[in-house]
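Some notes on the structure that comes next.
Values quoted throughout were computed directly from the atomic coordinates according to the rules given, and no laboratory measurement underlies them. Remember, predicted model here, so these are calculated numbers, not experimental data. All Cβ positions, even for glycine, are placed from backbone atoms using ideal geometry, and neighbour counts span all protein chains on display.
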Amino acid sequence: MEIIHKIGRRKTAVARVYVSSGNGNVTINKKELNDYFPTATLQYKVLQPFNLTETVDTYDVKVNVYGGGVNGQAEAIRLAISRALCEVDAENRSALKPEGLLTRDPRMVERKKFGQKKARKKFQFSKR
């Protein structure tokens with residue numbers, strides 16, 4: 001199997017994922033998964049596509065991720081891995097699609113407008 005390259009995005013985080021056949025090593029920005037994401041919740045999010053498709057310890061994953069926070073980065077990696085697994089085997093799509101792992105979450109931070117305190121909040125109004 002050749003190396004499969006996919007991109008996943010979430011908020012301002014962008015993850016480039018390279019999936020190849022191996023024994024389940026996940027490297028993120030040249031660090032191990034446990035070092036980069038210390039909490040179990042974030043590790044679960046990254047490995048969720050493998051758990052759903054029952055392909056744990058069959059692929060090596062190398063990730064370059066930047067931007068956003070830790071949660072956005074984990075979800076961007078999850079989307080990219082899901083897309084790569086669909087390219088490896090089209091039958092994986094039936095397991096990943098109902099869980100919503102192939103959907104790009106479009107929610108972004110709304111920009112701040114001029115003449116206002118924040119995106120929607122206004123400066124305090126004084127009648128007199």
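Couple of notes before you dig in:
- When Rg and the Kirkwood radius Rh are both evaluated on Cα atoms of region 2-95, their ratio Rg/Rh stands at 0.93.
- Expected 222 nm ellipticity per residue - DSSP helices of 4 or more, -39500 (n - 2.57), all of the chain, to 500: -10000 deg cm²/dmol
- Ranking of S126, S94, S20, S82 by neighbouring Cβ atoms within 10 Å, starting from the fewest: S126, S94, S20, S82.
- DSSP beta bridge pairing in the chain, given as percent antiparallel to the nearest 5: 85
- Helix 40-53 and the longest principal axis of the C-alpha atoms of the chain enclose an angle of approximately 50°.
- A straight Cα-to-Cα reach below 15 Å connects K30 with the aspartates and glutamates D60, residues fewer than 8 places away in its own chain not being considered.
- For the listed residue pairs K62/K97; K31/K62; K11/K121; K11/K31, the alpha carbons are over 19 angstrom apart in K62/K97; K11/K121; K11/K31.
- Degrees, to the nearest 10: 70-88 long Cα axis against longest axis of the chain: 40
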